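K.L.:
Got a structure here, written out as structure tokens. Questions coming.
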Amino acid sequence: MKLLVVHPGASWSTHDVHVGVVEGLKANGVSVAEWRLDGRIKMAHNWLHYLWRQKLKVRDGKEWPQPTQLDVLHHATIGVIERAIECDCQDVLIITAMFLPADRISLMRKAGLRVWLLCTESPYHMDDETRIAAICDGVFTNERAAIDAFKAVQPRTAYLRHAYRSGVHDVAVAAATTSDVFFCGSMFPERIAWLTAIDWQGIDFHLYTRTQDLPRNSKLRKFLKGGITPNAEVVQLAKASKITLNLFRDASIQADSLNPRCYELAAAGTCLVTNDRAEVRELMPETPIVSSPEQAGDVFRALLADDVARRRIAAAQQTAIHGQTWTVRARELVDQIQRWHS
């Protein structure tokens with residue numbers, strides 16, 4: 001099989017999924033070509049706005065509208081079909097498709113390409129994901145609770161769990177600095193509310209997120225240690241912390257599945273604390289699950305006072321997800337695509 005893998009365009013968590021999938025495909029002997037959308041979006045934005053500024057300087061009496069995001073995305077994806085044909089790829093795997101125009105996917109299929117979509121934002125962006133899934137040849141979702149919604153628009157739907165990168169997340173050297181509790185992630189409103197409500201008195205909390213995502217008067221700013229952090233560095237910082245925290249997003253939305261961070265932190269051998277998901281209880285039953293900020297503070301203090309318990313939990317978590325790598329997931333993905341072919 002020869003696959004053109006289309007990058008999601010973002011440069012953080014979905015980028016890590018892309019890297020893991022590409023590594024896993026290559027490890028399974030798949031011939032992979034990449035369409036790196038992240039760099040192309042930046043270049044298209046800079047080029048179109050440069051041309052727009054030049055037109056403003058000419059002042060030839062015409063009104064030149066400022067380029068829109070759709071203009072940028074259209075420009076950034078010109079040539080993706082030609083790349084697939086040049087590389088002799090009959091199959092295109094799109095990671096997420098947040099920044100890939102739907103008409104580009106339609107053109108791929110008109111050109112005779114088979115288009116497969118890997119959705120990484122289920123169940124939070126179901127409207128966009130199901131809309132795109134309907135015009136593809138098949139779809140993989142990271143959320144098992146979303147399978148029925150996808151099957152309603154795309155009969156070729158499969159569940160593909162997240163994973164960790166072997167050699168990256170399971171073999172990391174601890175950073176020099178240490179902390180009691182470590183969290184790295186985007187600051188969605190529900191996460192800001194949770195973290196703000198926790199009693200951090202006496203706990204050395206290290207927070208890594210984009211500064212612009214925190215309100216100016218946020219109490220969390222005093223815990224901020226860094227911004228967007230490369231995945232390998234996240235693991236090093238996590239291993240240097242006594243406890244790592246994972247927070248799933250909006251609990252009002254039905255979701256069962258683990259996110260990438262759970263796999264990555266468990267593989268790194270850290271003591272992971274998280275809020276509830278069905279797969280946490282099924283796959284990592286030793287994991288401390290917190291249901292409120294108040295409970296989280298109590299759990300942190302109990303674990304910080306018990307080195308033996310932390311080590312036992314970390315070892316159990318690491319054992320529980322051992323082997324859940326992107327190499328394994330890529331094999332599942334390829335096998336499923338081949339079944340759909342036949």
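K.L.:
What is the calculated FRET efficiency for ARG311 to GLN66, with r their C-beta to C-beta distance and R₀ = 35 Å, to the nearest 0.05?
P.N.:
Efficiency for this residue pair is about 0.05.
K.L.:
A further question on this structure: Roughly how many percent of the accessible protein surface of region 6-136 is carbon and sulfur, given a 1.4 Å probe and a whole-percent answer?
P.N.:
Here it works out to 53 percent.
K.L.:
How much length would be gained if the chain were fully extended between LYS2 and ALA193, taking 0.36 nm per residue of separation minus their Cα-Cα distance, in nm to one decimal?
P.N.:
Computed gain between LYS2 and ALA193 is 64.2 nm.
K.L.:
Continuing with this model, one more query. With a probe of 1.4 Å, find how much accessible area region 185-342 has per residue, and write the answer as a whole number in Å².
P.N.:
Per residue, region 185-342 has an accessible area of 46 Å².
K.L.:
Also, I was wondering about something else. Mind telling me which of ASN142, ASN46, ASN231 comes out most flexible in a GNM of the chain, alpha-carbon contacts under 10 Å?
P.N.:
Sorting by GNM fluctuation, first place goes to ASN46.
K.L.:
Positive end of the dipole of the chain, charges at C-beta (+1 Lys, Arg; -1 Asp, Glu), about the Cα centre: which of LEU220, ALA316, MET108 has its Cα farthest in that direction?
P.N.:
MET108
K.L.:
Further question on the same structure: Enter the angle in degrees (range 0 to 90, nearest 10) between the Cα long axis of helix 13-27 and the first principal axis of the Cα atoms of the chain, meaning the one along which they spread out most.
P.N.:
Tilt of helix 13-27: around 80 degrees.
K.L.:
Here's another thing I want to ask about it. What whole number of Å gives the distance from the Cα centroid of region 220-235 to the Cα centroid of region 1-74?
P.N.:
Computed from Cα coordinates, the inter-centre distance equals 26 Å.
K.L.:
Local charge sum around GLY24 (other residues, Cβ-Cβ under 9 Å, Lys/Arg +1, Asp/Glu -1)?
P.N.:
It works out to a net charge of +3.
K.L.:
Okay, next question. Rounded to the nearest 10 Å², what accessible area does ARG114 have for a 1.4 Å probe in the complete protein model?
P.N.:
Counting only protein heavy atoms, ARG114 exposes about 80 Å² to solvent.
K.L.:
In addition: If packing is taken as the mean number of other Cβ atoms within 10 Å per residue, what is the order of 8-21, 321-334, highest first?
P.N.:
8-21, 321-334
K.L.:
Right, another one. Quick one: if you stick a label point 7 Å off each Cα along the C-beta vector at ARG221 and ARG281, how many nm between them?
P.N.:
Calculated label separation equals 4.0 nm.
K.L.:
Roughly how many percent of the accessible protein surface of region 272-323 is carbon and sulfur, given a 1.4 Å probe and a whole-percent answer?
P.N.:
52
K.L.:
Could you calculate the FRET efficiency of MET43 with THR319 from 1/(1 + (r/R0)^6), where r is the beta carbon distance between them and R0 is 45 Å, rounded to 0.05?
P.N.:
So, using R0 = 45 Å, E works out to roughly 0.50.
K.L.:
While we're looking at this one, here's another question. Suppose R0 equals 51 Å; then what is the FRET efficiency for SER106 and ALA302 from their Cβ-Cβ distance, rounded to the nearest 0.05?
P.N.:
Once the sixth-power term is evaluated, E becomes 0.40.
K.L.:
What does the accessible area per residue of region 1-140 come to in Å², with a 1.4 Å probe and no ligands, DNA or RNA counted?
P.N.:
49
K.L.:
Post the alpha-carbon centroid distance, region 305-342 to region 93-167, in whole angstrom.
P.N.:
Cα centroid of region 305-342 versus Cα centroid of region 93-167: 21 Å apart.
K.L.:
Helix 326-341 sits at what angle to the longest principal axis of the chain, using alpha carbons and giving 0 to 90 degrees rounded to 10?
P.N.:
40
K.L.:
Something else about it: Quick one: dipole size for region 215-342, taken about the Cα centre, charges +1 on Lys/Arg Cβ and -1 on Asp/Glu Cβ, in debye to the nearest 20.
P.N.:
580
K.L.:
So for region 136-247, taking the charge dipole from beta-carbon charges (+1 Lys/Arg, -1 Asp/Glu), which of VAL139, ALA158, PHE183 sits furthest toward the positive end?
P.N.:
Highest projection toward the positive end goes to PHE183.
The values are calculated or read from the model by the stated rules, or taken from the named source; none is laboratory data. The structure displayed is predicted, hence computed values, not measured ones. All Cβ positions, even for glycine, are placed from backbone atoms using ideal geometry, and neighbour counts span all protein chains on display. Keep in mind that these areas ignore ligands, DNA and RNA; they rest on the heavy atoms of the full protein, side chains included. Shrake-Rupley method; radii C 1.70, N 1.55, O 1.52, S 1.80 Å.
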